[in-house]
Each structure stands twice: as C-alpha cells, then as structure tokens.
Amino acid sequence: MSSWPVIVTFGDSLTSGVAGRSYPEQLQDLLIQHGYKYRIDNQGVSGDTTTDGLARIDNVIPEHPALVLLEFGGNDGLRGVPVGDTRKNLQEMISRLQAAHLRIVLLGITLPPNYGPDYVKEFTAMYPELAKKNHLQYMPFLLLNVYRHPEMMQPDGIHPNGSGNKIVAQDVFNLIKPLL
C-alpha cells in the first residue's frame, strides 16, 4: 500500500475526525473494497481555520498526491471571520495546489442559520464560486446526507459520528470515483 498513489484529505476536524472512524478512514476502506489502489493521507487538523490550512499547504505539495480533497472554512465561519478573508485563503490554497499541478476536489460546508441569513448565504455561495472560477469538482455541503440525522451526528450537532462518517465517505467516494 505504501507504493500506491496518494490521496490527501486536507482540512479541519470534519476531515481529521473526532469520534469514531473519520471519513478518510472510511474512504480508504471503500477504495480498497472497490479495487482502487490509492492510499489516503489524512492531513486534517481539528480546529484549523483557512489561515492554518494556508500555513500547512506546503505539507501537501511534496507528497505529489494524485488528488487533494480540500475541506476548510467551517471554523472560520463559526468564528465569524469575514467571508472575503476565508475566500481569499481558500483561493490561495487552490492556486498553490494548482501551481504544483495537483488535482483538487473542493468539499464545501455551510453554517447554522443562527449566524444570520446574509452571512450564511455569502459563506455558502463561496464554494460553488471557487469551484467554478478554478474549474474544480466540488461538493456543496460535505454533511448534506447526515446533518439532519441526530443518530449520525455527535451531540455537538456539528461533527458526524462513526456511522455519519461512513455516509460522508460514501458521498465523497461517489464524487471522486470518476477521477480515479
């Protein structure tokens, strides 16, 4: 497995996983089950903002991954970081990965409605705008099929549990399968 091409999952706690098996661990299982010989390198760090991701982007490039699954922004949103700053940081990460000739899949998220309709609308629109501008495959909302199911979420209502991450991994697998 160490000689297999690498898929880097690069993000925050939704990528690193905080309880049960992370979505990248579940994704590794799906890849193997379906005969795809790729090794997942989970570079998710709980609590990271897009600023932190930008500071760590040089850890991804030397791996020469076949694919980078980019998932950041949630912690920016939860902290009320201006959407323009988050967008700028994500764009810089995308630009640096593209300059290294790496394929990127952008995994978007959204925020709870209590963050205000204007902020949430601008935040949520950022992902399809970045995907279109940079010609990226993307998922508008990583947790789309789990966030409304309390049995798939941790008590915080923000992070999936092990069974939720299994669904997230399946959704990501279905998205990236044509790229493998």
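The values are calculated or read from the model by the stated rules, or taken from the named source; none is laboratory data. These numbers were taken from a predicted model, which means no experiment stands behind them. Here the Cβ positions follow ideal geometry from the backbone for every residue, glycine too, while neighbour counts run over all protein chains shown. SASA here: full protein model, heavy atoms, side chains in, ligands and nucleic acids out. Shrake-Rupley method; radii C 1.70, N 1.55, O 1.52, S 1.80 Å.
Details
- Amide H contacts of Met153: Asn161, each under 5 Å away and 5 or more positions distant or on a separate chain (H built 1.01 Å from N in the peptide plane; Pro and chain starts excluded).
- Counting DSSP beta bridges with both ends in the chain, the antiparallel % (nearest 5): 5
- Global size of the chain as Cα Rg and Dmax, reported in angstrom: 15.2, 47
- Just the protein heavy atoms count here, and of the accessible area of the chain at 1.4 Å, carbon and sulfur take up 55 percent.
- Positive-end extreme of charge dipole, the chain - chosen from Ser3, Pro117, Ile158 (charges on Cβ): Ser3
- At least 18 Å along the helix axis (C-alpha) and Kyte average at least -0.5, DSSP helices within the chain: 162-176
- Derived scalar couplings between HN and Hα for the stretch 45-59 equal 10, 4, x, 5, 9, 5, 5, 5, x, 4, 5, 9, 4, 6, 7 Hz in order, rounded to whole Hz, by the Karplus curve 6.51 cos²θ - 1.76 cosθ + 1.60 (θ = phi - 60°), x for Gly and Pro.
- With contributions of -39500 (n - 2.57) from each DSSP H run of at least four residues, the per-residue ellipticity at 222 nm computed over the chain stands at -13000 deg cm²/dmol.
- Diffusion constant of the stretch 17-73 at 25 °C, which comes from Stokes-Einstein with the Kirkwood Cα-pair radius and 0.890 mPa s, µm²/s: 193
- Sequence-distant residues sharing a close amide H with Thr9 (under 5 Å, placed H): Asp41, Asn42, Gln43, Leu69
- Loop trypsin sites (Lys or Arg not before Pro), the stretch 123-152, which have at most 13 other Cβ atoms in a 10 Å radius of their Cβ (DSSP): Arg148
- For the set Thr124, Thr15, Thr51, solvent exposure ranked by accessible area (probe 1.4 Å, protein chains only) runs largest to smallest as Thr51, Thr124, Thr15.
- Put simply, the amide H of Ile104, placed in the peptide plane, has neighbours under 5 Å in Val68, leaving out anything fewer than 5 places away on its chain.
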